[in-house]
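Since every read-out is calculated from the coordinates, none of them should be taken as a lab result. All of these numbers come straight from a predicted model, not from anything done at the bench. For neighbour counting, all protein chains shown are included, and Cβ atoms are generated from backbone atoms with ideal geometry for every residue, glycine included.
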Amino acid sequence: MTISLAATLPLAAALVAAPAAPPKPTLVVLLTVDQMRADYLERFGPQFTGGLRRLMDGGMLFTNAHHDHAITETAPGHASLLSGRFPRSTGITANAFGVEDTSMKLVAGPGPGASPARFRGTALFDWMQKADGRSRALSVSMKDRGAILPVGRARQMVYWYAADGQFTTSRYYADSLPGWLREVNARAVPRLHEGDSWTLLLPADRYPEPDSVPYESGGRDFVFPHLLAPGPAAPSVFRFFPWMDELTVAAALAGVAATGLGAGPQTDLLAVSLSATDLIGHRYGPDSREVHDQVLRLDRMLGTLLDSLYRMRDSTRILVVLTGDHGVQAIPELAAQRGNDRAVRVRLDEAVDSARAVIRAGQGNPNALDVESGAVFLDRAAAGKRQVGDSALAVFARVARRTLGVQRVDRFEGLEKAPPTDVVARRWAQMFPKDFRPALVVTLEPGSIWGYGIVATHGSPHPDDSHVPILFFGAPFAHGRSATFVRTVDIAPTLAQVLGVKPLEALDGVPLAEAVR
């Protein structure tokens, strides 16, 4: 059979016009900035010259992205990022119910031990390894939960910083540290910084924030420069300086170089959780000159990380996602000065004591009632008769509702039936698995925080705490910005779609079509 030239022209034209498929990725990089409020990109963006600038200019930024759960803390946030599931599915509901595991001792350094024993189900790396058994993961953070939870239960290369100044892991992952990490520890970087001062990266007139706010840092050391005082505590205090992120990035890059991570042909995972913004934000608050300077330094550090990865590996085969594990509230005293008269530090001691008194009077164990991160748990067997437990909860709710700074107290049962417009109810309903549900949940007023001695903190279902950036960067991803409401649980299914791997269970998140070319 003879095929005419005219018949082949449309096919030839189509082949020429079709864009080439991007090369198979060899490395997925998750960059999690602990306590990264979404507005930092806009507030400080004009001064970016490094990695954040590159990602914003060349990637797809979702400006209305949220953690759609109520207890916006580090552990539940990190657990949801690459699992595509809410805390009700991962089982990681608060820092207190995170990764501490005394049965899995640390290989080196002080600490109680840690593992992902509480994490339920699978995460992106499990799906990647199911598709290609050669896939490997490296996860590094200052925090144990920041390193452990992005890779789920996988026994991979997972390392975090101990209070004595060295990176470590637990027996869940290994019995010893690899040579490349021992070399990182041997440099004793925290000790080298003893006696150094954190000074401003830019001239002082480039920072609009006042450097004289005594609410910051508990009224001590709230003015630049900030000295890392020599002494036994220096490696632990080191975590409150931008140098902590520099050391974390250096450890991650050393691991990539030593292990050949991302060299192919399989797709590997690198998870880097940077924690200095969180500790600095807790100490000085999100409106401080310190946080401004830290985010500028973060921009430069991420530039170093990306430049180094691109020198070691083919940049066209690297996918990057940047996000945060939660945001943060302003210092309540400052919020009050700006007109929010409901911004206070809240303690529920009166409500707890009143409820426990009811249980004690009914011959039950008063410790049957406990509160964690706004969730009120009741051990009904320990409380005694059912009516005693019910009365205790009623008393708790009545006293809590009249406490300044409390917005609402809800019975957890039935929250899933609340209308979709009730964002607070939805986020609480997506917080707890069926076998670990509180009796009541307490939501504070926007601007109020729990009064546990921290200058500024997070943990609420409100936007200041839930709103984080989500930014995709790499060959398969579109360029631009989107104001579409998206959730952090949408990250993992989007990556799975791009990688061509299948989740191993039902997800709460969905692939973000706007993210992909």
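See the values below:
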quantity	calculated
Cut-off under 5 Å, modelled amide H: who pairs with ALA375 long-range	VAL442
Convex hull volume per residue for the stretch 384-432, taking Cα atoms only, in Å³	97 Å³
Helix-only CD estimate at 222 nm, as mean residue ellipticity for the chain, using -39500 (n - 2.57) per DSSP H run (n ≥ 4)	-9500 deg cm²/dmol
Table column - 3J(HN,Hα) (Hz), the stretch 388-395, Karplus curve with 6.51, -1.76, 1.60, x for Gly and Pro	5, x, 4, 5, 4, 5, 5, 5
Sequence-distant residues sharing a close amide H with ALA137 (under 5 Å, placed H)	MET157, LEU269
Residues LEU81, LEU512, LEU202 arranged by fewest to most Cβ contacts within 10 Å	LEU202, LEU512, LEU81
Three-way shape label, the stretch 129-266, alpha-carbon gyration tensor, a/c 1.5	prolate
Fewest-first ranking of THR484, THR421, using other Cβ atoms within 10 Å as the exposure measure	THR421, THR484
Amide hydrogen neighbours beyond the local backbone of VAL468, cut-off 5 Å, H modeled	ALA38, ALA65, HIS66, HIS67
Whole-angstrom gap from the stretch 402-422 to the stretch 86-116, using each part's C-alpha centre	29 Å
For the stretch 507-516, Karplus couplings with θ = phi - 60° (6.51, -1.76, 1.60), whole Hz, Gly/Pro x	10, 8, x, 10, x, 8, 4, 5, 6, 9
Exposure proxy order (Cβ contacts within 10 Å, fewest to most) of ASP379, ASP508	ASP379, ASP508
Euclidean distance of C-alpha centroids, the stretch 207-235 and the stretch 120-196, integer Å	30 Å
Cα gyration tensor shape of the stretch 427-472, rounded if a/c is under 1.5, else prolate or oblate by comparing a/b with b/c	oblate
Low-density loop cleavage sites - GluC sites (Glu not before Pro) in the stretch 330-429, where at most 13 other Cβ are within 10 Å (DSSP)	GLU413
Under the Karplus curve 6.51 cos²θ - 1.76 cosθ + 1.60, θ = phi - 60°, whole-Hz ³J(HN,Hα) for the stretch 88-99, x wherever Gly or Pro sits	4, 9, 7, x, 9, 9, 6, 4, 5, 10, x, 10
Centroid-to-centroid separation of the stretch 323-363 and the stretch 488-517 [C-alpha atoms, Å]	36 Å
